[in-house]
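The values are calculated or read from the model by the stated rules, or taken from the named source; none is laboratory data. In this text the structure is predicted, and so the values were computed from the model without any measurement. Neighbour counts are summed over all protein chains in view; Cβ atoms, including those assigned to glycine, are modelled from backbone coordinates with ideal geometry. Please note that ligands, DNA and RNA were not included when accessible areas were found on the heavy atoms of the full protein model with its side chains. Shrake-Rupley method; radii C 1.70, N 1.55, O 1.52, S 1.80 Å.
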Amino acid sequence: MKFNLFIAFLFSSPILLAQSTPADKTVGAGNEYYKSQDYAKAAEEYRKALETDPANKAAKFNQGNALYKQDKKVEASILFSELAADDKDVPMRSKAFYNKGVILSNQKNLEESIEAYKNALRNDPSDKEARENLQKALLELKKKNEEKKKEDQQPKKQKEQQQKKQQQPKMNPKEAEQRLKLLQQKEKEVQERVQKEKTKTGGSAAKDW
């Protein structure tokens with residue numbers, strides 16, 4: 001049985017055992033606590049099972065799940081990484097990579113989560129949930145990269161605008177004064193020309209008799 005988690009990334013549920021050894025019985029007790037959502041007690045039972053049988057992979061896997069449920073993601077990830085390093089138990093290796101991928105996905109560490117899901121599928125190509133989570137992680141990464149690209153482009157445009165402003169020649173006070181005098185001179189010349197035109201027009205106008 002698998003269940004929804006956060007943004008629909010699925011997490012592998014605890015492993016059930018036939019309880020043939022004392023450690024397996026302790027794992028079974030931990031599973032009962034896990035089902036009742038008492039994750040702290042479940043983790044304690046799994047820890048006891050590992051003390052009795054350090055090689056009990058189900059105890060380690062289930063303890064990782066219980067720790068994750070208590071928001072102890074770093075500790076859980078360490079246990080899953082240890083299980084993923086064991087290349088003798090392929091099904092367990094696949095589950096461990098899968099759960100590690102879920103943790104990384106929810107930490108927004110998408111690149112590493114994608115690699116974890118790929119490793120899960122390499123060990124179990126038929127894992128439908130791993131394939132679905134891989135697709136979700138890839139889509140999130142694409143969205144994240146597109147948003148980052150937009151954010152990077154915005155400061156670039158602003159920088160270009162600032163550079164254009166800086167490239168415009170600035171006048172020093174002396175140049176500004178000279179330009180002002182030149183404008184005043186041109187204005188004076190225009191006024192004089194207009195005055196002359198008025199005088200000429202006035203001298204040739206017809207007089208009333």
Exercise. Any residue in the range 64-83 that is at pLDDT below 90 and not β-branched (Val, Ile, Thr)?
Worked result: no
Exercise. For Leu134, are the conditions met, namely being buried (at least 20 other Cβ atoms within 10 Å of the Cβ) and closer than 22 Å to Tyr39 by Cβ?
Worked result: no
Problem set entry | Flag if Phe11 is open to solvent by 90 Å² or more (accessible area, probe 1.4 Å), under 26 Å from Ser113 (Cβ atoms), touching a helix residue (DSSP H, G or I) at 6+ places or on another chain (Cβ under 6 Å) and modelled with pLDDT under 90 | no
Seminar exercise, completed: When (1) modelled with pLDDT of 95 or more; (2) under 26 Å from Gly28 (Cβ atoms); (3) of a type in the set (Gly, Ala, Ser) are applied to Ala116, the one that fails is (2)
For this session: Looking only at the range 143-157, decide whether some residue is over 22 Å from Pro91 (Cβ atoms) and surrounded by 14 or more Cβ atoms within 10 Å (Cβ to Cβ).
Result: no
